[in-house]
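Peer 1: The structure under discussion is supplied below as structure tokens; questions concerning it will follow.
Please treat every number below as a calculation from the coordinates, not as lab data. This is a predicted model, so every value here is computed, not measured. Note: ideal-geometry Cβ built from the backbone for every residue, glycine included; neighbour counts use all protein chains shown.
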Amino acid sequence: MNSANLAARVRKAHRGDTAPSFLLDLNVEVLPGITILFGPSGAGKSTLLDCIAGLTQPDAGRIAIDSEVVFDSEKQVNVPPQRRQIAYVFQSLALFPHMTVEANVGYGLLDAPRQARGRVAEILQMFRVETLRARKPREISGGEKQRVALARSLVTLPRVLLLDEPLSGLDAELKASIIDDLRAWNAARKIPILYVTHSREEVDALGERVIALEHGKIVSEGTPREVLDAPRRRRLAQAAGFENLLSATVVDLREPDGVMRVRLAGSLCEIEVPLGRAAPDDHLRIAIRAGDILLATEPPRALSARNVLEGKIVSLERRGTLIAARVDCGAIFTVHVTPGAERTLELAAGKKVWLVLKTHSCHFVEG
Amino acid sequence: MNFEALLLSIRLALCVSAILFVVGVPLAYWLAYSRWRWKFLLEAVVALPLVLPPTVLGFYMLLAMGPRGPLGRLWHAAFGHGLAFTFAGLVIASVLYSFPFAVQPLIVSFETVDRKLLDASAVLGAGRIRTFRRVILPLSVPGIITALVLSFAHTLGEFGVVLMVGGNLAGVTRTVSIDIYDRVQSLDYLAANRAAFLLLVISFAVLSVVYGINRQAGRRQWLPWAAK
Amino acid sequence: MDFVRPSSRCLLLLSCLLAFRSANAQEIRVAAAADLKFALDELDTQFEKQTGRRINVSYGSSGNFFAQIQNGAPFDVLLSADIEYPQKLEAADLAEPGTLYEYAVGRIVVWMPADARGDLARLGWKALLEPGVERIAIANPEHAPYGRAAVAALRNAGIYEQVRRRLVYGDNIAQAAQFVASGNAQAGILALSLAVSPPMREGKRWEVPTNMHPPIEQGAVILKSAKDKKGAHAFLAFLKSDAARKTLESYGFTLPAPVGASARSQ
């Protein structure tokens, strides 16, 4: 069994054409299993994968798979991508358009032609595309293309698998099915798999280890819950689905209670948030999920929640299966309620409402 | 009807196209994928025959093929006789003259191959040669055909360069274009018209067949002058 | 300019246009055979000194010019290397009647570069049979008079069959000269007028006896389509003058007896 760790220490100046340039500077260890590389576009995720695969050369650093060094800037080691035994599935999949599915999948096995047929047949079956073997890429669907791309990479028995947003554009069910097949394959092989995505659902679905990347640096590492539910950076917060990002100033700290009071910018509203490393008059930003806020049409009483804010509904908008209400309490909040609640409470623009926020639903974010 | 001249022209065009393919493909590959900062100078040199008048090129070729010129000296050392006024001399001069017509379509076609496919090929373990044979080449077939056809057609119609270095020897360097010119100068307009018409018909037939085949492959053509 | 009457304005415009036209029409357009290159340059200088007018010359092969003139090429005078072409033009009514003039008789020489081995003056024709003479350049006999003369002379000398395979053909006599001068041909049968010109005069030459080939009669004619008939006539008159004839002689041309004068011996 190939059970190996991937250790990568990379520094590379990145001159992006759409995003501003940044310095990719990080040190990461990827254990066997699926590790998710999460972050907004332009954070350097694809560049990191390119460095690991050997398609780009870092300015400095060291990349090793267990004990074998594939790149070391000090020792002048740079193994070409052909020999790294690292599989890489690009976002565009890069299936060879002029070859059949079978030829595509067998491409990496050209050195061992006799075994190739058998191994290709086996993996086509494992990824459930064996009926497509004689078709060309333009004749198969998106989901099938993704399976073929995975099969092509994995048939070579790589030591590491890199996936760059491999499931974008597919529906949830298809994604889940492909992910299951991938897990099944890795249950036997146990190689490090680095999975890049900017989709929160995929992070939740894959649920293993997450590394959050922003502007070329790692900002957070841990379980999906840890990384996504307590974002420290604004952009990560936006990516992770915090609809409310409010500026606030610290009023005072209450250490025995583990909280601090902050005043929301542009209003007299004050709320209690968990204690953080701040001092009175410091400026910070508070992130709150729209789904974490309760709405009442009568002043609530005797609640455990410490923050009750009076306000007026500014607008109501249907977004798929929920209603997004914008409420002005001095600061504007976005609150999600169900259509049933909207009906029962007879919500409408202009109605006076009370918002309830739990202290621990308020996360503070830097930047 | 002077078939000898016509056959000579066709032979010349075939030789030149074959040589341009063999020499042009590696050069085009290098120019398409190299990141050398002075690459643009070499590209300009390759394009020079497009702007040089053929008689100018022919004249300098004549000097180069002379006993004091670099080509002439090499040839004489190797073969014991001069290079001018020979079929080989025509081939060499024509190769130079048709150079950009072969190389530029090849460069364009290599460059338009999706880079991600080349990356995928590398990651899957294929070296440069295998990637070229199995990915770049098959996806460049329209460009290769264009290069071959243009070299062939351009050489078939060549006049100025042949006039300068050919010496007008029947069966050796008297190509059909020279022959037609001779007929005109001798006031034999009837023969000139006949030869010109035959040349036109054959050229048109060849070009139509090739473009027809290429069209069936389901791919589009482009003009080398639109590149870069 | 409304104080000037409309008709006067028209006249002003017209005179401007005419003035502009005459300014451009100073140069007389001449189509000349390639062997006249150096001789004609000198004649041009003399002509300008004498009359203040200049000629604008295009050099090429006489056969080519003939075809172009038939199709309306805008020349005033044709100086052909072969009198046959002006004669044909006259017959086709493309020439001014009565202007046909044989201005020179050309001569051919065997020419080799100065550093060639062998004493050409002593060997004469035999020089062409020497080993080391791989290529002999002549003008294309199919349409160039100098080429025809060269072939006739070779036949007369009895060596045509021997040298035939080594002949290379220049499109015109100037190109034949180019072949030899560049070293690609080791010898050539060229026009004397080119052999005595500055770039070639250092080479070795042997004058082919005139009785070995039909005379190369070079004829001039004024074209009917000439825009500058006056200028053309002036130039032709100059060509017939003693000064011009002397110049042509210095370039190796022999001259037919002037019309109306007593014959001169050559």
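Peer 1: Is region C:108-207 rounded, prolate or oblate when judged by the Cα gyration tensor, a ≥ b ≥ c being the square roots of its eigenvalues, rounded requiring a/c under 1.5 and prolate requiring a/b larger than b/c?
Peer 2: Rounded, since a/c falls under 1.5.
Peer 1: Once Lys and Arg get +1 and Asp and Glu get -1 on their Cβ, which of B:G157, B:V209, B:S121 lies farthest toward the positive end of the dipole of chain B?
Peer 2: Looking along the dipole axis, the top candidate is B:S121.
Peer 1: So which residue, out of C:P131, C:P215, C:P256, gets the largest mean-square fluctuation from a GNM of chain C using Cα contacts under 10 Å as springs?
Peer 2: For chain C, modelled as a Gaussian network with Cα springs under 10 Å, the answer is C:P131.
Peer 1: Still on this structure: Considering only DSSP beta bridges with both partners in the protein assembly as shown, what is the antiparallel share in %, to the nearest 5? Can you show the working numbers first?
Peer 2: Details: 86 of 121 bridges.
Around 70 percent antiparallel, to the nearest 5.
Peer 1: How large is ³J(HN,Hα) for each residue in region B:180-197, as worked out from phi by the Karplus curve 6.51 cos²θ - 1.76 cosθ + 1.60 (θ = phi - 60°), to whole Hz, x for Gly and Pro?
Peer 2: Coupling constants for region B:180-197: 4, 4, 4, 4, 4, 5, 8, 6, 8, 5, 4, 4, 4, 4, 4, 4, 4, 5 Hz.
Peer 1: Points 7 angstrom from Cα along the Cβ direction at B:D114 and B:V209: gap in nanometres?
Peer 2: In this crude spin-label approximation the distance works out to 3.5 nm.
Peer 1: To test your reading of the geometry: what angle, between 0 and 90 degrees and rounded to tens, separates the Cα axis of helix A:113-126 from the longest principal axis of chain A?
Peer 2: Helix A:113-126 sits at roughly 30 degrees to that axis.
Peer 1: Another question, then. In nanometres, what is the gap between the two model label sites at B:V45 and B:Y33, each 7 Å from Cα along Cα-to-Cβ?
Peer 2: With each label point 7 Å from Cα toward Cβ, the separation is 2.2 nm.
Peer 1: Okay, moving on. In sequence order, what are the phi-derived ³J(HN,Hα) couplings for region A:337-350 according to the Karplus relation 6.51 cos²θ - 1.76 cosθ + 1.60 with θ = phi - 60°, rounded to whole Hz, with x for glycine and proline?
Peer 2: With the stated coefficients, region A:337-350 comes to 10, 7, x, x, 5, 4, 5, 4, 7, 6, 6, 7, 5, x Hz.
Peer 1: Oh, and also: Using only Cα atoms, locate the centre of region B:70-85 and the centre of region B:43-57, then give the distance between them in Å, rounded to an integer.
Peer 2: About 23 Å separates the Cα centre of region B:70-85 from the one of region B:43-57.
Peer 1: Under the rule a/c < 1.5 gives rounded, and otherwise a/b versus b/c splits prolate from oblate, where does region B:130-218 land using the Cα gyration tensor?
Peer 2: Oblate shape, in that a/c is at least 1.5 and b/c is the bigger or equal ratio.
Peer 1: What is the dipole size for region C:108-207, taken about its Cα centre, with +1 at each Lys and Arg Cβ and -1 at each Asp and Glu Cβ, in debye to the nearest 20?
Peer 2: 180 debye
Peer 1: Here's another thing I want to ask about it. Mean Kyte-Doolittle of at least -0.5 and a Cα length of 18 Å or more along the axis: which whole DSSP H helices of chain C meet both? Could the numbers behind the result be given before it?
Peer 2: Numbers: long enough: C:6-24 (27 Å, 0.89); C:37-51 (21 Å, -1.01).
Going by DSSP H runs, the hits are C:6-24.
Peer 1: Among the trypsin sites (Lys or Arg not before Pro) in region C:136-212, which ones are in a DSSP loop with at most 16 other Cβ atoms within 10 Å of the Cβ? Mind listing them?
Peer 2: C:R201
Peer 1: To the nearest 20 debye, what charge dipole does region A:253-367 have about its Cα centre, counting +1 at the Cβ of each Lys and Arg and -1 at the Cβ of each Asp and Glu?
Peer 2: Dipole size: approximately 280 debye.
Peer 1: Among the lysines, which have Cα under 16 Å from the Cα of A:K217 when same-chain residues fewer than 8 positions away are ignored?
Peer 2: Hits, sequence-local ones excluded: A:K12, A:K45.
Peer 1: To the nearest 0.05, how large is the calculated FRET efficiency for A:D180 and B:R128 if R₀ is 56 Å and r is the Cβ-Cβ distance?
Peer 2: 0.90
Peer 1: Shape call for region B:3-226 from the C-alpha gyration tensor, a ≥ b ≥ c root eigenvalues: rounded (a/c under 1.5), prolate (a/b greater than b/c) or oblate?
Peer 2: Judged from the Cα gyration tensor, region B:3-226 comes out oblate (a/c at least 1.5, b/c at or above a/b).
Peer 1: Also, I was wondering about something else. List the trypsin sites (Lys or Arg not before Pro) within region A:1-101 that DSSP assigns to loop and that have no more than 10 neighbouring Cβ atoms inside 10 Å.
Peer 2: Here the sparse-neighbourhood loop sites are A:R15, A:K75.
Peer 1: So what is the relative contact order of chain A, in percent, for Cα pairs below 8 Å that sit 6 or more residues apart?
Peer 2: 16 percent
Peer 1: Taking the Cβ-Cβ separation of A:K352 and A:T223 as r and a Förster radius of 35 Å, what is the calculated FRET efficiency to the nearest 0.05?
Peer 2: About 0.30, to the nearest 0.05.
Peer 1: Need one number: nm distance between label points at A:L303 and A:A279, each 7 Å from Cα along Cα→Cβ, rounded to one decimal.
Peer 2: 3.4 nm
Peer 1: Would you mind calculating the relative contact order of region A:251-319 from Cα pairs under 8 angstrom and at least 6 residues apart, reporting the percent as a whole number?
Peer 2: This gives 23 percent for region A:251-319.
Peer 1: Listed here are the pairs C:K49/C:K88; A:K175/A:K358; A:K145/A:K175; C:K88/C:K246; C:K224/C:K246; C:K37/C:K204; which of them are more than 24 Å apart at the Cα?
Peer 2: Cα-Cα > 24 Å for C:K49/C:K88; A:K175/A:K358; C:K88/C:K246; C:K224/C:K246; rest within.
Peer 1: May I pose another question? Quick one: of the DSSP bridges fully inside region A:6-232, what percent are antiparallel, nearest 5?
Peer 2: Of all bridge pairs located within region A:6-232, approximately 60 percent are antiparallel.
Peer 1: FRET efficiency for C:E207 and B:V56, Cβ-Cβ distance as r, R0 = 41 Å, nearest 0.05?
Peer 2: With a Förster radius of 41 Å, E is 0.75.
Peer 1: Follow-up. What does the extension gain come out to for A:L268 and A:R135, with contour length at 0.36 nm per residue minus their alpha carbon separation?
Peer 2: This chain segment gains 41.3 nm when fully extended.
Peer 1: Just to confirm my numbers, what's the Cα centroid distance between region C:151-212 and region A:4-83 in Å?
Peer 2: So the separation of the two Cα centres works out to 75 Å.
Peer 1: Here's another thing I want to ask about it. Connecting C-alpha atoms closer than 10 Å in a GNM of chain B, tell me which of B:P105, B:P54, B:P67 has the biggest fluctuation.
Peer 2: Taking springs between Cα atoms under 10 Å, the residue moving most is B:P67.
Peer 1: Show the residues, 5+ positions off or on another chain, whose built amide H is closer than 5 Å to the amide H of C:I28.
Peer 2: Amide H to amide H, under 5 Å and 5 or more residues apart or across chains, C:I28 pairs with C:R54, C:I55, C:N56.
Peer 1: Hey, another quick one. For the protein assembly as shown, what is the calculated [θ] at 222 nm in deg cm²/dmol (nearest 500), taking -39500 (n - 2.57) for each run of four or more DSSP H residues and dividing by its residue count?
Peer 2: Theoretical 222 nm ellipticity from helices: -12500 deg cm²/dmol.
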